[in-house]
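Asker: My questions will all concern the structure given below.
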Amino acid sequence: MLHRAAEYSMNKLESRRRRDGLIYDKLMITNATDEAIMVIMNTYIEKGDEIILPIPTFAMFKFYAQLAEARIKEILYTSNLTFPAKKVLTTINKKTRLVILCNPNNPTGTPIDRKEIIQIIDKAQKYNALVLLDEAYYQYSGEECLDLIDKFNNLIIIRTFSKAYGLGGLRLGYAVSNPEIIKNMLKAGSPYSVNTVAMYAASVAIDDEDYVKWYVNEVKRAKKILYDTLAKLKIKTYPTSGNFLIGIGTVKQTQQLIDALNEILKK
Ligand SMILES: Cc1ncc(COP(=O)(O)O)c(C=O)c1O
């Protein structure tokens, strides 16, 4: 298998994806979502184009937006770390080229309401702007918007095998959009960026739904233990839909947390 470049061994994964309802011409398999973000920027963003980016968020959005010399309009999450939907909506205008949404968001864990996602895609579509929706953690939140791909022509969803599948080292992800966008993105991406081992490993991983379900439940169980421990120590937390959370405490509380978690681990 290793003597063949991945481009020629993609059929296996793609045929399984077809069974999952993901049709080949709506799918681009990428070297993790990192490459998907880069390809989207390379395909659609020119110097000076406006990108709306709610912050704080995953660093690579800004990294590739800056490389593309975009004009980045950052919009702060609220002081309660909820998604600034109204601000995002009112900021979209005829200069907007791309709106970036991360559901749930890293590092805040914030979910975005489906209704708000639809309103944003709808308004962006009216202004010929694209929406990049990152669903890296969708297995944890249980919320996904794949069905919206067929309802809007300006939506690109990116996903990764790095999180719930635990395969970060393989560097595998994918983008889903309408066939025209995917065709354009494929032109801008390298046909050889995904390696054969990653393709085979992922094609086995996506068949093991029970493992992913078990793993996601384990994370939920651990998250509850962590929340309970943080509450006992009076460390302020925010709701999260991801497999991580933000807590704000003193150095002393942090040490108490480490001690408490070590005690739990011993049991
Ligand atoms: C929201 C989000 N998207 C994408 C990624 C990167 O995933 P990948 O390993 O597929 O590049 C991360 C990693 O932390 C992330 O938090």
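The values are calculated or read from the model by the stated rules, or taken from the named source; none is laboratory data. What you see is a predicted model, and the numbers here were worked out from it, not measured in a lab. Note: ideal-geometry Cβ built from the backbone for every residue, glycine included; neighbour counts use all protein chains shown. Areas reflect the complete protein model, heavy atoms only, side chains present, ligands, DNA and RNA absent. Shrake-Rupley method; radii C 1.70, N 1.55, O 1.52, S 1.80 Å.
Asker: Look at the range 165-180 and say how many of its residues are open to solvent by 10 Å² or more (accessible area, probe 1.4 Å) and either touching a residue at least 40 places away in the same chain (Cβ under 8 Å) or within 12 Å of the ligand (Cβ to nearest atom) (or both).
Answerer: Narrowing the range 165-180 to residues open to solvent by 10 Å² or more (accessible area, probe 1.4 Å): 165-171, 174, 178-180.
Okay, now just the ones that are also either touching a residue at least 40 places away in the same chain (Cβ under 8 Å) or within 12 Å of the ligand (Cβ to nearest atom) (or both), so 165-171, 174, 178-179.
Count: 10.
Asker: Just the residues that are open to solvent by less than 50 Å² (accessible area, probe 1.4 Å) and either within 15 Å of the ligand (Cβ to nearest atom) or touching a Gly at 6+ places or on another chain (Cβ under 7 Å) (or both), please, taken from the range 181-195.
Answerer: Gly189, Ser193, Val194, listed by residue number.
Asker: Same structure, new question: Filter the strands (runs of 3 or more DSSP E) completely within the range 107-198 down to those with at least 2 residues that are within 14 Å of Ile29 (Cα to Cα).
Answerer: 155-160, 173-176
Asker: Moving on to the next point. Taking the range 196-214 as the search range and keeping residues that are of a type in the set (Gly, Ala, Ser) and within 16 Å of the ligand (Cβ to nearest atom), which one is modelled with the highest pLDDT?
Answerer: Ala198
Let's see how each residue does on (1) part of a helix (DSSP H, G or I); (2) among the aromatic types (Phe, Trp, Tyr); (3) within 16 Å of the ligand (Cβ to nearest atom):
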| residue | (1), (2), (3) |
| --- | --- |
| Asp25 | yes, no, no |
| Ile29 | no, no, yes |
| Val39 | yes, no, yes |
| Thr43 | yes, no, no |
| Ile52 | no, no, no |
| Ala65 | yes, no, yes |
| Glu69 | no, no, no |
| Lys73 | no, no, no |
| Thr90 | yes, no, no |
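Asker: Cβ-Cβ below 6 Å, separation at least six or inter-chain, first residue in the range 13-36 and at pLDDT 90 or above, second part of a helix (DSSP H, G or I): which pairs?
Answerer: Met28/Ile182; Met28/Met185; Met28/Leu186; Thr30/Ala36; Asp34/Met60
Asker: Given the criteria within 16 Å of the ligand (Cβ to nearest atom), assigned to a helix (DSSP H, G or I) and open to solvent by less than 20 Å² (accessible area, probe 1.4 Å), does Ile100 qualify?
Answerer: It is false that Ile100 is within 16 Å of the ligand (Cβ to nearest atom), assigned to a helix (DSSP H, G or I) and open to solvent by less than 20 Å² (accessible area, probe 1.4 Å).
Asker: Please give the number of the condition Lys115 fails out of (1) more than 10 Å from the ligand (Cβ to nearest atom); (2) open to solvent by 10 Å² or more (accessible area, probe 1.4 Å); (3) touching a residue at least 24 places away in the same chain (Cβ under 8 Å).
Answerer: In the conditions (1) more than 10 Å from the ligand (Cβ to nearest atom); (2) open to solvent by 10 Å² or more (accessible area, probe 1.4 Å); (3) touching a residue at least 24 places away in the same chain (Cβ under 8 Å), Lys115 misses (3) alone.
Conditions (1) out of contact with any helix residue (DSSP H, G or I) (no Cβ under 7 Å at 6 or more places or on another chain); (2) in the same structural domain as Phe244 (by TED's automatic domain parsing); (3) among the charged types (D, E, K, R), marked per residue:
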position: Ile40; (1), (2), (3): no, no, no
position: Leu53; (1), (2), (3): no, no, no
position: Lys62; (1), (2), (3): yes, no, yes
position: Glu74; (1), (2), (3): yes, no, yes
position: Leu81; (1), (2), (3): yes, no, no
position: Ala85; (1), (2), (3): no, no, no
position: Thr91; (1), (2), (3): yes, no, no
position: Arg97; (1), (2), (3): no, no, yes
position: Ile100; (1), (2), (3): no, no, no
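Asker: Can we say Ala198 is crowded, with 17+ Cβ neighbours inside 10 Å and under 14 Å from Ala164 (Cβ atoms)? I'd like the intermediate steps shown before the answer.
Answerer: Working: crowded, with 17+ Cβ neighbours inside 10 Å: yes; under 14 Å from Ala164 (Cβ atoms): no.
So Ala198 fails the test.
Asker: If we scan the range 157-164, do we find a residue that is more than 16 Å from the ligand (Cβ to nearest atom) and either closer than 30 Å to Ile121 by Cβ or in contact with a Pro (Cβ under 8 Å, 6 or more places away or on another chain) (or both)?
Answerer: no
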